[in-house]
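The values are calculated or read from the model by the stated rules, or taken from the named source; none is laboratory data. Every value quoted in this text rests on a predicted model; they were computed, and no experiment measured them. A quick note on method: Cβ atoms are made from the backbone with ideal geometry, for glycine too, and the neighbour counts reach across all protein chains shown. These area figures cover heavy atoms from the full protein model, side chains too; ligands, DNA and RNA do not enter into them. Shrake-Rupley method; radii C 1.70, N 1.55, O 1.52, S 1.80 Å.
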Amino acid sequence: MESMKVFIYGEYADWQKKVFWGLLDDRIEIEWGVELPDKPDYEVLIWGVPEEKFVQEVASLKKVVVPYAGIPQKTRSLLAKYPNIDLHNLHHNAIPTAEMAFTLMLSAAKSIVIADNYLRKGDWTPRYEGLPNRLLYGKTALILGLGEVGKLLGKMCIGMGMKVLATRRNLTANIMENGIDIFGRHELEKLLPQADYLLITLPLTQETEGLLDRRKLELLPDGTVIVNIGRGTLIAEKALFELLQSEHIAAAGLDVWYNYPQSKEARTFTYPGNYPFQELDNVVMSPHRGGAFANYDTELLRVEHLANLLNGYFKTGTMRNLTDLKAGY
């Protein structure tokens with residue numbers, strides 16, 4: 001391949017472009033913009049939710065790259081109509097997302113937020129009256145979904161002296177990888193009673209939506225801490241709220257939710273659930289910022305990963321991070 005043309009929809013900051021050009025093979029031609037070029041002949045389109053004309057009218061198109069981890073349903077539906085075009089994504093935000101999950105686990109386990117709120121008022125009661133301060137060392141973490149985020153999270157848990165179990169879709173036999181004991185998702189109900197910490201990193205698909213209903217949540221031992229950085233609706237909302245309220249689930253760290261602002265104005269008055277999670281002291285609430293959107297470090301990782309993805313494809317003819325349209329990841 002002597003050269004390769006790529007169209008990147010949208011605008012990136014000047015510093016991002018500078019870093020990107022410095023990393024990219026000189027023989028890769030890049031065009032940026034928001035309009036379909038007059039003579040579109042690009043081989044790769046970088047766009048999270050492409051308009052159909054950017055796909056339909058480009059005979060040379062072979063690859064669409066979503067420049068983040070989650071695959072929008074609209075993009076999956078569009079690409080299903082073009083079986084000769086492959087869909088790929090980026091995992092640049094795996095590190096900040098795993099770090100957020102681990103932070104939420106520690107914060108929920110150690111009652112950090114509620115202790116902070118007390119001390120800001122000059123109240124030292126949590127020191128003397130036994131505010132929960134749970135150990136991680138020697139406990140069992142169950143990770144649902146062992147993708148890039150799950151693998152990183154598993155390493156962090158092992159580093160804290162935890163036993164780590166995990167599930168992986170379609171795995172038929174139990175295996176051990178990098179100290180993580182991995183099972184097929186069909187064994188979930190056998191694993192839940194072992195979980196001191198339940199860490200959810202799954203994508204939202206038809207298969208995973210509502211995966212953790214009340215019956216499954218009640219299989220957890222009393223005192224389990226839940227962390228969810230996948231999607232809110234992986235867990236039945238009413239059951240989660242009520243089991244937190246009763247303290248069957250001891251605490252939760254949640255970065256993903258059930259309600260999101262539908263406008264810029266609504267960002268300052270939208271509660272994230274249909275139940276008052278904000279009234280529960282045993283919930284650490286985060287407004288879906290695990291991927292650190294618009295954060296310098298994460299945006300730097302984005303352009304680095306994108307350049308590496310394109311360079312690898314140009315040199316080898318094979319692009320990493322191919323997604324399964326049916327599975328959604």
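Shape verdict for the range 107-237, please, from the Cα gyration tensor: rounded (a/c under 1.5), prolate (a/b greater than b/c) or oblate.
prolate
Near the amide H of E29, under 5 Å away, which other amide H atoms are found, from residues 5 or more places off or on another chain, if H is placed in the peptide plane?
So E29 has HN proximity to M4, K5, V6.
Could you do me a favour and compute the accessible area per residue for the range 126-169, 1.4 Å probe, result in Å²?
Per residue, the range 126-169 has an accessible area of 52 Å².
For the range 154-231 and the range 1-44, write down the distance between their C-alpha centroids in whole Å.
So the separation of the two Cα centres works out to 40 Å.
Could you order K110, K63 so the one with the most accessible surface comes first? Probe is 1.4 Å.
Descending accessible area places them as K110, K63.
What does the C-alpha gyration tensor say about the overall shape of the range 96-151? Classify as rounded when a/c is under 1.5, otherwise prolate if a/b is larger than b/c, or oblate.
Verdict is oblate for the range 96-151.
Using a 1.4 Å probe, how large is the accessible area of Y68, given in Å² and rounded to the nearest 10?
For Y68, the solvent-accessible surface is approximately 80 Å².
Among DSSP bridges having both ends in the chain, what percentage is antiparallel? Round to the nearest 5.
Percentage antiparallel, nearest 5: 10.
Students often forget the sequence filter, so: which aspartates and glutamates lie under 20 Å Cα-Cα from K315 once same-chain residues fewer than 8 apart are removed?
List returned: E2, D25, D26, E29, E31, D41, E43, D86, E304.
At what distance in angstrom do the alpha carbon centres of the range 66-89 and the range 305-329 lie from each other?
After rounding, the separation between the Cα centres reads 12 Å.
Pairs of alpha-carbon atoms within less than 8 angstrom and 6+ residues apart define the contacts here; what relative contact order does the chain have, in percent?
18
Applying a 10 Å radius around every beta-carbon, put 265-272, 88-95, 12-19 in order of their mean neighbour count, most first.
With the highest mean Cβ count within 10 Å placed first, the list reads 88-95, 12-19, 265-272.
Arrange the residues T201, T318, T298 by how much accessible surface each exposes, largest first, with a 1.4 angstrom probe.
Result, largest first: T318, T201, T298.
What whole-number value in Å² describes the accessible area per residue of the range 1-88 for a 1.4 Å probe?
54
Quick one: 3J(HN,Hα) in Hz for the range 109-117, Karplus 6.51/-1.76/1.60 with θ = phi - 60°, rounded, Gly and Pro as x.
The phi angles translate into 5, 9, 6, 5, 5, 5, 5, 4, 4 Hz.
Pop out the carbon and sulfur fraction of the accessible area of the chain as a percent, whole number, probe 1.4 Å.
Carbon-and-sulfur percentage of accessible area, whole number: 50.
What ranking of R320, R134 comes out by heavy-atom accessible area, probe 1.4 Å, highest first?
R320, R134
In the Gaussian network model of the chain, springs joining C-alpha atoms below 10 Å, which of N308, N274, N178 carries the largest mean-square fluctuation?
N178
Amide H to amide H under 5 Å from G273: which residues, 5+ apart in sequence or cross-chain, H placed 1.01 Å off N in plane?
Here the answer is N259, since their amide H atoms fall under 5 Å of that of G273.
Residues of the range 265-325: accessible area per residue at 1.4 Å, in Å²?
The answer is 60 Å² per residue.
Take the eigenvalues of the Cα gyration tensor for the range 119-168, scale each by 5, and report the square roots as semi-axes in whole Å, largest first.
32, 12, 9
For K238, give me every one of the lysines with a C-alpha distance below 24 angstrom, ignoring sequence neighbours fewer than eight places off in its own chain.
Cα-Cα hits under 24 Å: K190, K216.
Using amide H atoms built 1.01 Å from N in the peptide plane, name the residues 5+ places from L199, or on other chains, whose amide H lies under 5 Å from its own.
Amide H to amide H, under 5 Å and 5 or more residues apart or across chains, L199 pairs with L142, I143, L144, V227.
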